[in-house]
Amino acid sequence: MREGLFIKKNIDKWKQYQYERANDPDEMAEQFTELVNDLGYSKTFYPHSKVTMYLNALASRIYLGIYKNKREETSRIWRFWKTELPLTVRKYHRELLYSFLLFTTFTVMAVFSTLHDQTFVREVLGNDYVEMTEENIVKGDPFGIYKDQDKFQMFMTIALNNIKFSFFVFVGGFLLSIGTVWKLFDTGMMLGSFQTFFFMKGLGWQSILVVWIHGTLEIAAIIIGGGAGFIIGNSILFPGTNKRLDSLKRGTKDGLKLMIGLVPVFIVAAFLEGYITRYSTMPRAISISILVSSVTFITWYFVIYPIRLEKKLKPVIIKPVIIK
């Protein structure tokens, strides 16, 4: 077999072994056995090739992982947030982009509909909510709804609701992503009509400085949850060369990693909504600093850092030897 064909046939498997940690010793041992077989073949036919050195280094790393002393659980948790989750995010940046584009499209549709039909906001948000908000506007406290409940009770209720909602967005992926699309549609409609309603009342920018204190993290997490749902749906619809069940298992595992990563985001968003958003008259500088911090975190951890980490861990490009 030519070296180029040998690499093309196995490169996806090698990258998986390099970037995705095995879940248990048996899986790690199976990977090591596979690599030893590939390394033996490579040493036989391409003894001085870069691919041989690459496989030797990869096999050595897994060998050391099998027999090294067990690290404390804290190191496993740290590795998850520092490496495992960002690499999973990078692997599915395309699905996350689809979720963002769909959600944005639905939000714009809601904005357009509300501008051309003022009854649309009542159909989406409900008469009770709209009337209560209008009463608060007349009272001079348009965001009074965030001040009605006890802080801790509001924090716990919102955190649980956000986590439950994101779970439904994720599970919607098992319905060939149809459920995920519907949840993104529903949320986009609410956001677009809600934001347009306040702009029509002359309170648009004020609402951004108040509501988006918690909304930035909340909406970003919903979009990422939508991406996790698309991972599930794509694993069913497009299994590639894998068996559909194996593809679904892998997609479910990776999707769950994203959902676990979103739990702290939802908790922080609920804390901001329960304890901070209620202070609607806070100085603008504080509101803007919270908004900028939230946007910066989401952009860095879910977009920039995964790309940089992948480049940092990317193996040396192996150029096959052309046999004339």
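Report yes if some residue within region 157-178 is open to solvent by less than 40 Å² (accessible area, probe 1.4 Å), among the polar types (S, T, N, Q), touching a Phe, Trp or Tyr at 6+ places or on another chain (Cβ under 6 Å) and in contact (Cβ under 8 Å) with a residue 24 or more places away in the chain; otherwise report no.
Taking region 157-178 and keeping what is open to solvent by less than 40 Å² (accessible area, probe 1.4 Å), we get 158-159, 162, 166, 169-170, 172-173, 177.
Filter once more, so that each one left must be among the polar types (S, T, N, Q): 162, 166, 177.
Checking the rest, the ones that are also touching a Phe, Trp or Tyr at 6+ places or on another chain (Cβ under 6 Å) come to 162, 177.
Okay, now just the ones that are also in contact (Cβ under 8 Å) with a residue 24 or more places away in the chain, so 162, 177.
Yes, because at least one residue in region 157-178 is open to solvent by less than 40 Å² (accessible area, probe 1.4 Å), among the polar types (S, T, N, Q), touching a Phe, Trp or Tyr at 6+ places or on another chain (Cβ under 6 Å) and in contact (Cβ under 8 Å) with a residue 24 or more places away in the chain.
Going residue by residue through region 211-222, is there one that turns out to be in contact (Cβ under 8 Å) with a residue 40 or more places away in the chain, more than 22 Å from Val303 (Cβ to Cβ) and either of a type in the set (Ser, Thr, Tyr) or open to solvent by less than 20 Å² (accessible area, probe 1.4 Å) (or both)?
yes
Scan region 229-256 for residues that are in contact with an Asp or Glu (Cβ under 8 Å, 6 or more places away or on another chain) and closer than 26 Å to Phe106 by Cβ and report the count. Walk me through how you get there before you give the answer.
Here is the first cut: in region 229-256, the residues in contact with an Asp or Glu (Cβ under 8 Å, 6 or more places away or on another chain) are 230-231, 234, 239.
Adding the requirement that they be closer than 26 Å to Phe106 by Cβ leaves 230-231, 234.
Total meeting the criteria: 3.
Please go through (1) closer than 21 Å to Ile298 by Cβ; (2) of a type outside the set (Gly, Ala, Ser); (3) surrounded by 23 or more Cβ atoms within 10 Å (Cβ to Cβ); (4) at pLDDT 90 or above for Val181 and return the number of the only condition it doesn't satisfy.
Unmet condition: (1).
Within region 278-318, track down each residue that is in a helix (DSSP H, G or I), under 18 Å from Pro142 (Cβ atoms) and open to solvent by 70 Å² or more (accessible area, probe 1.4 Å). Don't jump to the end; show me each part of the working.
Of region 278-318, the ones in a helix (DSSP H, G or I) are 284-313.
Those left that are additionally under 18 Å from Pro142 (Cβ atoms): 284, 287.
Arg284 - this is the single residue of region 278-318 that is in a helix (DSSP H, G or I), under 18 Å from Pro142 (Cβ atoms) and open to solvent by 70 Å² or more (accessible area, probe 1.4 Å).
What are the pairs with Cβ atoms under 9 angstrom where one residue, in region 135-153, is open to solvent by 100 Å² or more (accessible area, probe 1.4 Å) and the other, located anywhere, is part of a helix (DSSP H, G or I)? Sequence gap at least six, or different chains.
Glu135/Gly144; Asp148/Met154; Phe152/Gly274; Phe152/Tyr275; Gln153/Gly274
Filter region 21-33 down to the residues that are open to solvent by 60 Å² or more (accessible area, probe 1.4 Å) and touching a helix residue (DSSP H, G or I) at 6+ places or on another chain (Cβ under 7 Å), then identify the one that is modelled with the lowest pLDDT.
In the first step, residues of region 21-33 are kept if they are open to solvent by 60 Å² or more (accessible area, probe 1.4 Å); the result is 21, 23-26, 30, 33.
Going one step further and asking which of them are touching a helix residue (DSSP H, G or I) at 6+ places or on another chain (Cβ under 7 Å), we end up with 21, 25.
On the way: Arg21: 70, Pro25: 67.
Taking the candidates together, the pick is Pro25.
Which of the residues belonging to region 231-277 are assigned to a loop (DSSP other than H, G, I, E, B), over 21 Å from Ala159 (Cβ atoms) and not aromatic (Phe, Trp, Tyr)? Explain how you work it out, then say what you get.
Going residue by residue through region 231-277, those that are assigned to a loop (DSSP other than H, G, I, E, B) are 238-243, 277.
Cutting the leftovers down to over 21 Å from Ala159 (Cβ atoms) gives us 238-243.
Pro239, Gly240, Thr241, Asn242, Lys243, listed by residue number.
The values are calculated or read from the model by the stated rules, or taken from the named source; none is laboratory data. What you are looking at is a predicted structure, and each value in this text was computed from that prediction instead of being measured. Please note: Cβ atoms are built from the backbone with ideal geometry, for glycine as well, and neighbour counts cover all protein chains shown. Remember, those area values only see protein heavy atoms, side chains included, never the ligands or the DNA or RNA. Shrake-Rupley method; radii C 1.70, N 1.55, O 1.52, S 1.80 Å.
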